[in-house]
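A short worksheet on the structure shown next.
Nothing in this text is a laboratory measurement; each read-out follows from the coordinates by a stated rule. Because the structure is predicted, anything quoted here is derived from the model rather than measured. Quick reminder, even Gly has a Cβ in these numbers, built from the backbone with ideal geometry, and neighbours come from all protein chains shown.
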Amino acid sequence: MIVMIGLPQQVSAKPMPQGQERVIARSAQNAVAVFDSLNKIGAADRSDVFSAHVADIARQAAMFLGVDVRVMQQAWLAADLVHQRALMNGLTQLGVPYKLNSAIENVAFDCSGLVAFAWGKAGVALSRGSSAQFASATLVKVEEAQPGDLIWRPGHIAMYLGVQSAVLQTPYSGRSVELQKMNERITSWVKYANPLI
């Protein structure tokens, strides 16, 4: 028998407006496509071109979340390229519905399915299950966490957006992949982990 503590239902927030989801998801899809095309031709400056897309998407996300645009842009641009790519991959799925035990691109995800998808597309294989994903990564302090790092609590995992309590997640049935700010009660006991170290 599995006992879940701190279930995702404790997140209190409004769903992201569908129009905004589509705009950010489309921007992330364009960023990933640009990176992939530059990578195929071996363009040495692909990170500069990709960074322009990352900065614009950070602006859109910050405006939606009501956080400082410059702070979010700086955090996203300071992240290494693999973290940026994982985050962009996850953002392409904004608006995709939650479904338990699912990880089907553009169809349905649960929390660990979204994280495995995003990091897998960035070249980092993560197992399914929030606890297993967290255990396979290296614990970091919040001050050291990069955008795209894992943010975990028992029964739930999300991707940290690098600013305050902002995350990319798919919380529970009836919701979808969304940008969210966690409430303060939850942020006091979550843990952060980096899948690359």
(request) Quote the charge dipole size of segment 18-194 about the Cα centre in Debye, to the nearest 20; the model charges only the Cβ of Lys and Arg (+1) and of Asp and Glu (-1). (result) 340 debye
(request) Evaluate the distance, in nm, between pseudo-label points positioned 7 Å from the Cα of D80 and of E184 along their respective Cα→Cβ axes. (result) 3.5 nm
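Once the Cβ-Cβ distance between R22 and A132 is put in as r, and R0 is 22 Å, what FRET efficiency do you end up with, to the nearest 0.05?
Result of the calculation: an efficiency of 0.10.
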(request) Mind checking which aspartates and glutamates have their Cα closer than 18 Å to the Cα of K191? Skip sequence neighbours fewer than 8 apart in that chain. (result) E143, E144, D149
(request) Could you work out how far apart the two model spin labels at M63 and I104 are, taking each label as a point 7 Å from the Cα in the direction of the beta carbon, and quote it in nm? (result) 3.4 nm
(request) Can you tell me how much longer the chain between K141 and A55 gets when fully stretched, taken as 0.36 nm per residue apart minus their C-alpha distance, in nm with one decimal? (result) 28.5 nm
(message) Using only the alpha-carbon atoms, how far is helix 18-40 inclined from the longest principal axis of the chain? Give it as 0 to 90 degrees, nearest 10.
(response) 50 degrees
(request) Rounded to whole Hz and in sequence order, give me ³J(HN,Hα) for segment 74-85 from the Karplus expression 6.51 cos²θ - 1.76 cosθ + 1.60, θ = phi - 60°, writing x for Gly and Pro. (result) 4, 5, 5, 6, 7, 5, 5, 4, 5, 4, 4, 5
(request) Among A61, A33, A158, determine the one that fluctuates most according to a GNM of the chain built with springs between C-alpha atoms less than 10 Å apart. (result) A33
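On alpha carbon coordinates alone, what is the Rg over Rh value for the chain, Rh being the Kirkwood radius? Mind dumping the intermediate values first?
Values: Rg = 15.4 Å, Rh = 16.4 Å.
My calculation puts Rg/Rh at 0.94.
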